[in-house]
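Written below as structure tokens is the structure these notes are about.
Every number here is computed from the coordinates shown, using simple stated rules; none is lab data. On a predicted model such as this, the values are computed, not experimentally measured, just so you know. A quick note on method: Cβ atoms are made from the backbone with ideal geometry, for glycine too, and the neighbour counts reach across all protein chains shown.
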Amino acid sequence: MNIEEKLITPIYGKYDAIVVGAGPAGCGAAIALGRSGLKTLLIEKFNCLGGAWTTGFMNPFFDFANKTGFVKESVTELKKEKQFGGFWDMSFNYEFMKHILEKKMLEANVEILYNTTFSKTLVKDKTIYGIVFENIEGRFAVLSKYVFDCTGDGNVASSAGCPFEIGNNGDYKDCQAMTLMFLVGNIPEKYKDGLMIYDKLNEAYRRANKQIPFKVPYLIPVPNSHFGVIQFTHMYEYNPLNTSDLTKATIEGRQQLIDAFTYLKKYDEEFKDLELITSSSVLGVRESRRIIGEYTLNIDDILNGSTFFDAVAYVTFNVDIHAKTNNGQKCFSVKPYEIPLRSLIPNGYKGLIVAGRCISGSQEAMASYRVTGNCAQMGENAGYYVAEALKQNKDIHDISLDIKLFEN
Ligand SMILES: Cc1cc2nc3c(=O)[nH]c(=O)nc-3n(C[C@H](O)[C@H](O)[C@H](O)COP(=O)(O)OP(=O)(O)OC[C@H]3O[C@@H](n4cnc5c(N)ncnc54)[C@H](O)[C@@H]3O)c2cc1C
């Protein structure tokens, strides 16, 4: 049985640009748009900025080195607060990251709405003219000249009907494993700069007579503290676009982390005082939709170091696929390469930019550019392109910007 819904949706406001999702890509985009003087709205379903950086308990900050702009600024401010360093000299404090991002966002005059969930894209003839969102006040439409899809999952693009790829050849079971990150406290002083914790966990699992679910786990302390995150749980073959699967993966992740914590505490003398603080309130999904854009980054681009006239990011990070085979990771190096703005533009659509891990690329390319330094940089520079297009009243393809992506 279908129920016909008749809704009159009030209009919340009109903006030059709306950014959906406040992860690294969304923060980069909103800051650039705001600093360019555009009336910008940023909506986020949780109650902080940062996405995987903060709600996801993700650490360390990969591919930040030598980058310009917002990435460099954020790291500089974290360092000034003595909240950056530690593990691989690139880890940070989650709460300071939230605070620094909020300061920057407000300085850029961006209007932020937390606890606000995107629900539908307003689109006509493949031209996006706004979105619908829901929050405690109800359901609203917001109109704008440009919408940035920074949801990680390409939700806005998908709602607009943009085609996308998933996994390898469309099979979600080929997507990378999911991880539920968890915080622990009372980390022994000798490990306060981090540890590849496989040998210890493996021995603890052996003594518990259990099979270890993942072979490349890390303990990543927050700098200058005795607490940190354990990147360990691995859930395979769940569909990242299915809520029931995401729920089952989360429950499986919680079982895995309880086991890991219990065995480590019980069987490893060095970790006998370890405390379990909490798990992330969002499941870590490494991979879901990859939109079909005007240009799809491919394996040749990342192996040969492709450069582009419309580059928005400079990537040095290796390919890192959390594969189900052998419970490990498939990694190989890339030649530093650029990401073109065209990979952020869904093919045939107007008024829509997709930034972050869901841009147009092959599965292997995505496994390299998906890390946070790159997502933040591409969001920021796409923001500058859009700002210029709106100021000059031109199509984005007719804009040419000379952007400095890295420093030697
Ligand atoms: C377990 C795990 C470990 C990782 N480890 C590292 C690492 O060590 N270093 C590293 O640099 N990268 C790491 N990554 C990769 C990196 O975190 C992501 O690829 C990156 O954060 C993607 O950035 P993004 O801005 O595209 O999306 P996200 O960071 O996922 O941000 C998306 C934002 O959109 C919001 N959102 C989503 N849907 C809606 C909606 N409907 N309405 C409103 N808001 C919405 C979300 O709440 C979130 O804030 C890891 C990823 C995972 C999952």
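How far, in degrees from 0 to 90, does helix 372-392 lean away from the longest principal axis of the Cα atoms of the chain, to the nearest 10? Tilt relative to the chain: about 10 degrees.
Packing, taken as the mean count of other beta carbons within 10 Å per residue, orders the peptides 213-222, 178-187, 14-23 from highest to lowest as 14-23, 178-187, 213-222. Of interest is the spacing of the C-alpha centroids, which for the stretch 218-271 and the stretch 279-328 amounts to 23 Å. Assuming a ≥ b ≥ c are the square roots of the Cα gyration tensor eigenvalues, decide whether the stretch 117-193 counts as rounded (a/c under 1.5), prolate (otherwise, with a/b larger than b/c) or oblate. Oblate. Restricting the stretch 137-212 to trypsin sites (Lys or Arg not before Pro) that sit in a DSSP loop and have at most 15 other Cβ atoms within 10 Å of their own Cβ leaves Lys210. Amide H contacts of Ser288: none lie under 5 Å away among residues 5 or more positions distant or on a separate chain (H built 1.01 Å from N in the peptide plane; Pro and chain starts excluded). What the phi angles of the stretch 267-278 give under the Karplus curve with 6.51, -1.76 and 1.60, with θ = phi - 60°, is a coupling list of 9, 10, 3, 5, 10, 5, 9, 4, 10, 8, 8, 5 Hz, glycine and proline written as x.
Count Lys and Arg as plus one, Asp and Glu as minus one, and take only other residues whose Cβ is under 14 Å from that of Gly161; the net charge is then +3.
Working note: Cα atoms of the stretch 239-323, range along each principal axis, descending, whole Å: 56, 34, 21. For the stretch 177-279, the fraction of alpha-carbon pairs lying more than 25 Å apart is 18 percent, rounded to a whole number. Each label point was placed 7 Å from the Cα along the Cα-to-Cβ direction; for Asn66 and Glu407 their separation is 1.4 nm.
Here the Karplus curve 6.51 cos²θ - 1.76 cosθ + 1.60, taken at θ = phi - 60°, turns the phi angles of the stretch 70-82 into couplings of 4, 5, 4, 4, 5, 5, 4, 5, 5, 5, 4, 7, 6 Hz, with x standing for Gly and Pro.
Distance from the C-alpha centroid of the stretch 125-162 to that of the stretch 1-77: 13 Å, rounded to the whole angstrom. Treating each Cα of the chain as one equal point scatterer and applying the Debye formula with no solvent, the log10 of I(q)/I(0) at q = 0.06 Å⁻¹ comes out as -0.23.
Here the Karplus curve 6.51 cos²θ - 1.76 cosθ + 1.60, taken at θ = phi - 60°, turns the phi angles of the stretch 108-119 into couplings of 8, 6, 7, 7, 9, 10, 7, 6, 10, 10, 4, 10 Hz, with x standing for Gly and Pro. Shown here for the stretch 77-109: trypsin sites (Lys or Arg not before Pro) in loop regions (DSSP other than H, G, I, E, B) with at most 16 other Cβ atoms within 10 Å, namely Lys82. Within the shell defined by Cβ-Cβ distances under 11 Å, the residues around Val132 carry a net charge of +1, with Lys and Arg each +1 and Asp and Glu each -1. Report summary: the helix-based calculation at 222 nm, which adds -39500 (n - 2.57) for every DSSP H run with n ≥ 4 and divides by the residues of the chain, gives -8500 deg cm²/dmol.
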